[in-house]
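Report on one structure; see the data block that follows.
Values quoted throughout were computed directly from the atomic coordinates according to the rules given, and no laboratory measurement underlies them. Not measured: the values here are computed from a predicted model. With ideal geometry, Cβ positions are generated from the backbone for all residues, glycine too; neighbour counts draw on all protein chains shown.
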Amino acid sequence: MMTEASAPAMPVAEGPVQVQTPFGNFTPDAKSLVSFPEGLPGFEQCRHFVVVTSLALNPLQCLHAVDGPRASFLAIDPRRVLPRYRCALAARDAARLQVRDSHALLWLALLAVQGEQITANLRAPVVINPERMVGFQVMPVNTLYPLRHPLSGF
């Protein structure tokens, strides 16, 4: 996770926003903004994000805030970490995401880098409904997945 807490808020409603990420600068289209009505834990002021992908990052992605304090999270599809990862939503989370087809959801495990070790949060993934462009960090019911699953090969 990369943050810059002292940075000024970047309003979304005032037109195009120039997004500066560690992977380059760009101006996202308004249709590419994902709304997080509750923000993310610890970053509740960040309500709009873009998912940055590139060949250089593959298989990683970057979830980058465009409002509130600058926040950027490295993420990966949890099935890339554990091929048998079970992507299942509780009824309450499906309702919040306004899901019609759960197969179309984008699941992201947020990564933490501490020195040489990289871990993935498989217990509380970020789930995005690309049809509605809304997302939440969810805690699946009765999950046995670890909060810090070590990654190798990165």
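Mind sorting Leu55, Leu40, Leu82, Leu151 by how few other Cβ atoms lie within 10 Å of their own Cβ, fewest first?
On the way: Leu55 5, Leu40 23, Leu82 14, Leu151 17.
Result, fewest neighbours first: Leu55, Leu82, Leu151, Leu40.
Sorting Arg132, Arg84, Arg100 on the 10 Å Cβ count, fewest up front, what's the list? All intermediate terms of the calculation are to be shown ahead of the outcome.
Numbers: Arg132 13, Arg84 5, Arg100 10.
Ordered from fewest to most neighbouring Cβ atoms within 10 Å, Arg132, Arg84, Arg100 come out as Arg84, Arg100, Arg132.
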Requested in this report: For Cys46, enumerate residues with amide H under 5 Å from its amide H, sequence gap 5+ or separate chain, H modeled in the peptide plane.
Outcome: Leu40
Query raised in the report: On full extension of the chain, what length is gained from Arg79 through Thr53, given 0.36 nm per residue of separation minus the C-alpha to C-alpha distance?
Result: 7.7 nm
Report task. Please identify which residues in the range 51-81 have an amide N closer than 19 Å to a label point set 7 Å out from the Cα of Gln114, following the Cα→Cβ vector. Result -> 73-76
Requested in this report: Determine the distance separating the Cα centre of the range 55-95 from the Cα centre of the range 31-46; give it in Å without decimals.
Outcome: 13
Query raised in the report: Distance in nm between label sites at Arg132 and Asn25, each 7 Å beyond Cα in the beta-carbon direction?
Result: 3.6
